[in-house]
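The values are calculated or read from the model by the stated rules, or taken from the named source; none is laboratory data. From a predicted model like this one, the values you see are computed outputs, not experimental measurements. Reconstructed Cβ throughout: ideal geometry from the backbone, glycine too, with neighbour counts over all protein chains shown. Surface accessibility is based on the protein's heavy atoms, side chains included, excluding ligands, DNA and RNA. Shrake-Rupley method; radii C 1.70, N 1.55, O 1.52, S 1.80 Å.
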Amino acid sequence: MTNENDRVLEPFDLVIFGGTGDLTMRKLLPAMYFRHREAQLPEQGRVICIARTDLTTEGFVERISDKVPGFIDEREFDQESWRSFCSRIEYVSLDINDQSRYGALADLLNADPDRVRVFYLSTAPSLFVRICEGVAAAGLITRQSRVALEKPLGRDAASAIDINDRLAEYFTEQQIYRIDHYLGKETVQNLMALRFGNSLFEPLWRRELISDVQITIAEDLGVEGRAGFYDQTGALRDMVQNHILQLLVILAMEPPVSIDSDAIRDEKIKVLRSLKPITGNDVDRNTVRGQYKSGVTDGERVPGYLESDDVPDDSHTETFVAIKAEIDSWRWKGVPFFLRTGKRLQEKRTEIVINFKTVPHSIFDMPGQPNRLMIRLQPEESIKLAIFAKGRGDDMRLQAVNLDLDFNKIFKKRQMIAYERLLLDMIRGNQTLFNHRDEVTAAWAWIDPIIAGWEKNESTPQQYPAGSWGPAASSALIARAGYSWFEEDN
Ligand code: BG6
């Protein structure tokens, strides 16, 4: 995590497999457009999109010019910059299973073999190995090459290990960039700044003073056009194995010795390995899975998950998960980490709430509430600290008031989208914000017994109405431990 942002990059070829896909349109091309507009891309920097569809580069540029601007805030879109950005785009139609088709890509890349080359695999994980074989057989992997992989990597620890082993036949660990886009969010990087750039919090960050931690990634949207993928995946694999666990490890890790990628990854891996396994009867006790039924969001009635196209009527795929997690370490022993994520919840909100212990002996007539640190990551970025103060009046009644930091008001600069940062780091060769293979395996190792428990007890997901905060069982899970979800709308 360096301050290299303003530096122009080395010449590069960014090769996107899945070039006509949703992620390319919504995130990757807008991200590169912003970097282009901000004059950070060198003249010799190309974005080569690969897909099966038979199109010329001109046809592809026409297609993206119709679609991509819709995913860029209109205030940030400038036709002139877009046009000049499009001159960086090349399109190659390629069936990855047909080795004879790699020639056109080879011709493009070999015109300047010394450039940084990033193969970005924005495809189903089942195609990762095939693509690596293809580019290797076409002689396209140079010393300056990198490969970037979207999450989730595999379906469980065994398949992740297998994919990683196979990739290692073609790329070294230093060339492999495993993406979790949450790590590219400025708000998530700010968590590290908060913890390790301030001396204030470190003495508080421990079991003696913290009562519980809550991490929520709530989405108001449903599965949208991705039901086919989602039904094979579910919320545990889609959100918990990666995004939620990444937030948890950044919150819980020991201070790294430096900002160097190995130093940070080492600390993160230790937390993942100290997560207490949830097995046997604890799966039922400490986890809840839910599935949304129809309900009302934003004043509109929306259909339930089972009514989505491509979802079988009897699907048991979870669209909501709540978990009580524990970390077996000196710092955290006994502090519950309550995690939850779901689709079609009341609102989009990513938030971390740290509840401190209440005073040991209260001399005031005060609500039994704790001091609370609330770190809001989405939709807006803010940090609030609830403290108690005497209200105005002739009594000594205390009330909670917030110290309130709103980052949108403090920082006027546009907040970068996660992929801007990640794409730049891949081109620069900085792996800090990417996962090491051991992290991915350790995360799966904690997730696998939960999935096994769900499969074994054959329970079905609890239904919850769209527009709610999830199934009642989620409130019951946290209440059993003596806590409640923080849902205050502030
Ligand atoms: C993706 C998941 O990784 O993250 C999606 O596959 C989810 O299901 C998305 O909607 C949420 O990302 P963000 O940045 O909107 O919080």
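Remarks
- Surface composition of the stretch 175-326: carbon plus sulfur atoms hold 47% of the accessible area, using a 1.4 angstrom probe and ignoring ligands, DNA and RNA.
- DSSP assigns beta bridges within the chain; of those with both partners inside it, close to 55 percent run antiparallel.
- Only alpha carbons enter this Debye calculation for the stretch 161-213, each as an equal point scatterer, and the log10 of I(q)/I(0) it gives at q = 0.17, 0.18, 0.26, 0.28 Å⁻¹ is -0.74, -0.76, -1.00, -1.06.
- Given a 1.4 Å probe and the protein chains as shown, Glu10 ends up with an accessible area of around 100 Å².
- Measuring only protein heavy atoms, the 1.4 Å probe finds Lys333 accessible over about 100 Å².
- Taking the Cα centre of the chain as reference, the dipole from Cβ charges on Lys and Arg (+1) and Asp and Glu (-1) amounts to some 1180 debye.
- Once the convex hull of all Cα atoms in the stretch 155-281 is built, its volume per residue stands at 175 Å³.
- Under a 5 Å amide H cut-off, with hydrogens placed 1.01 Å from N, Arg88 pairs with nothing among residues at least 5 apart or on other chains.
- With the convex hull drawn around the C-alpha atoms of the stretch 87-221, the volume per residue stands at 210 Å³.
- Cα pair distances exceeding 45 angstrom across the chain, given as percent: 14 percent
- Distance cut-off 20 Å, percentage of C-alpha pairs in the stretch 1-142 lying past it: 47 percent
- When the charge dipole of the stretch 191-342 is built from unit charges on Cβ atoms (+1 for Lys and Arg, -1 for Asp and Glu) and taken about the Cα centre, the candidate among Val213, Val335, Ala322 whose Cα reaches farthest toward its positive end is Val335.
- Around the amide H of Tyr292, modelled in the peptide plane, lie the amide H atoms of Tyr305, Thr319, Tyr464, all under 5 Å away and 5 or more residues distant in sequence or on another chain.
- Ligands, DNA and RNA are left out, and with a 1.4 angstrom probe the accessible area of the chain is 45 Å² per residue.
- Carbon plus sulfur fraction of accessible area for the stretch 375-490, probe 1.4 Å, in percent: 52 percent
- Cα pair distances of the stretch 362-425 binned at 10 Å [whole percent]: 18, 32, 24, 15, 8, 3
- Helix runs (DSSP H) in the chain reaching 27 Å along axis by Cα, Kyte-Doolittle at least 0.5: none
- Projected onto its three principal axes, the C-alpha set of the stretch 389-490 covers 61, 48, 27 Å, listed from the longest axis down.
- Taking the average, over residues, of other Cβ atoms within 10 Å as the packing measure, peptides 193-200, 158-165 rank 158-165, 193-200 from highest down.
- Taking amide H atoms as placed 1.01 Å from N in the peptide plane, the amide H of Ala148 lies under 5 Å from those of Phe119, Tyr120, Leu121, Tyr177, each 5 or more residues away in sequence or on another chain.
- The HN-Hα couplings worked out from phi for the stretch 466-471 by the Karplus form 6.51 cos²θ - 1.76 cosθ + 1.60 (θ = phi - 60°) are 3, x, 9, 9, x, x Hz, whole numbers, x standing for Gly and Pro.
- Dimensions of the stretch 230-306 along the principal axes, based on C-alpha atoms and rounded to the nearest Å, stand at 51, 34, 22, largest first.
- Positive end of the dipole of the chain (Cβ unit charges, origin at the Cα centre): among Leu385, His36, Leu9, the Cα lying farthest that way belongs to Leu385.
- Per-q log10 I(q)/I(0), the stretch 267-406, q = 0.10, 0.11 Å⁻¹ (Debye; single scatterer per alpha-carbon; no solvent): -0.57, -0.68
- Counting only protein chain heavy atoms and rolling a 1.4 Å probe, the accessible areas of Lys343, Lys185 rank, largest first, as Lys185, Lys343.
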